[in-house]
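Bear in mind that the values in this text are calculations on the coordinates, not laboratory data. It should be emphasised that the depicted structure is a prediction, and the values quoted were computed from it without experimental measurement. Here the Cβ is made from the backbone with ideal geometry for all residues, glycine too, and neighbour counts use every protein chain on show.
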Ligand SMILES: [Zn+2]
Ligand SMILES: [Zn+2]
């Protein structure tokens with residue numbers, strides 16, 4: 001997810017509201033016509049969600065005022081009620097690779113994430129454990145964590161990760177901001193451990209003054225947080241697009257950052273490769289896929305790769321701009337994603353989309369996941 005790009009961050013929240021208001025205005029949102037009644041879905045385990053809490057007005061004031069929750073049901077099927085005959089479920093495509101999914105909304109609480117994952121056909125999800133654009137921490141009560149784990153255990157989702165807050169800057173030269181960031185980051189690790197998430201994805205910070213000092217500060221803050229919070233959740237540092245003074249847009253710089261983590265903590269740390277970020281940073285996945293991956297393997301080591309963020313890029317090669325696009329519609333193009341979905345080196349690496357959601361938060365993701373699963377079998 002783009003951290004620096006505040007507009008994108010803000011966009012995603014109002015977008016929800018927008019889609020809702022759209023749903024209220026439109027008298028008859030298109031119903032998805034069941035297309036191929038013959039197509040049988042290989043019925044994924046359904047978690048029989050008690051109440052699709054997504055329809056709760058929740059704590060989002062905007063959402064609550066926009067529309068009565070029930071109208072949404074017209075556009076979006078309830079979790080687990082996607083008709084097998086619809087032929088649109090991404091689960092209907094045979095796929096035996098590592099967990100594959102998308103960033104899903106936790107509006108109304110983390111408990112809403114598993115049913116949303118099922119709606120889009122995900123076996124991997126990324127989520128925010130709090131409002132990513134605010135400092136305020138969300139306290140997680142034990143019952144919520146238990147309910148989340150239980151719902152997850154009954155879902156087909158096999159990989160989960162959190163993405164940390166956009167405000168966190170572990171590399172800041174401002175001691176107060178860095179302390180605040182480190183505390184917030186530790187909270188994130190704590191919540192993620194409580195939820196049993198596999199990983200937390202964190203963007204390296206902005207060095208602001210001096211690059212080398214920034215890298216050192218960022219590493220120190222990571223060490224502090226990892227020492228303070230123990231648990232099974234791994235930390236995956238995400239390669240960045242390189243805008244402004246952000247750290248971690250080259251494989252070398254990421255390696256430098258990670259080398260500063262003591263050996264005892266190394267098993268708890270890895271890398272998240274975002275295709276849009278590395279492309280914008282200048283790694284040409286479109287025309288030199290093998291070269292880029294070879295470089296990653298040389299400099300960072302494929303053993304460090306813990307997650308792939310699959311995003312096409314609206315911004316051109318080397319633009320240093322973090323702008324995600326739907327798969328196949330950006331400057332990276334379809335071929336690189338076909339490679340990723342069929343390359344044995346990535347067979348065990350979880351893959352998560354952060355592509356534009358569109359109006360209803362479901363249709364685009366479903367389409368993207370079907371597309372990717374199709375790539376995996378040469379479609
Ligand atoms: Zn990303
Ligand atoms: Zn991004």
## Note on the structure
Listing 165, 319 by rising number of other beta-carbon atoms within 10 angstrom, fewest first, gives 319, 165
### Task
Within the stretch 177-208, find all residues whose amide N lies under 16 Å from a label point positioned 7 Å from the Cα of residue 153 along Cα-to-beta-carbon.
194-198
### Message
Once each part is reduced to its C-alpha centroid, what is the distance from the stretch 239-271 to the stretch 315-332 in angstrom?
### Response
22
### Simple spin-label estimate for residue 228 and residue 105 in nanometres, 7 Å along Cα-Cβ
3.2
### Summary
Taking N as the number of residues in the stretch 146-223, the ratio of its alpha carbon radius of gyration to 2.2 N^0.38 Å works out to 1.31
### Task
Given the peptides 251-264, 192-205, 283-296, arrange them by the average over their residues of other C-beta atoms within 10 Å, most packed first.
192-205, 283-296, 251-264
### Query
Taking every eigenvalue of the Cα gyration tensor of the stretch 209-360, multiplying by 5 and rooting it, what semi-axes result, largest first, whole Å?
26, 17, 15
### Query
Taking a temperature of 4 °C and a viscosity of 1.567 mPa s, what whole-number D in µm²/s does Stokes-Einstein yield for the stretch 112-260 with Rh from Kirkwood over alpha carbon pairs?
81
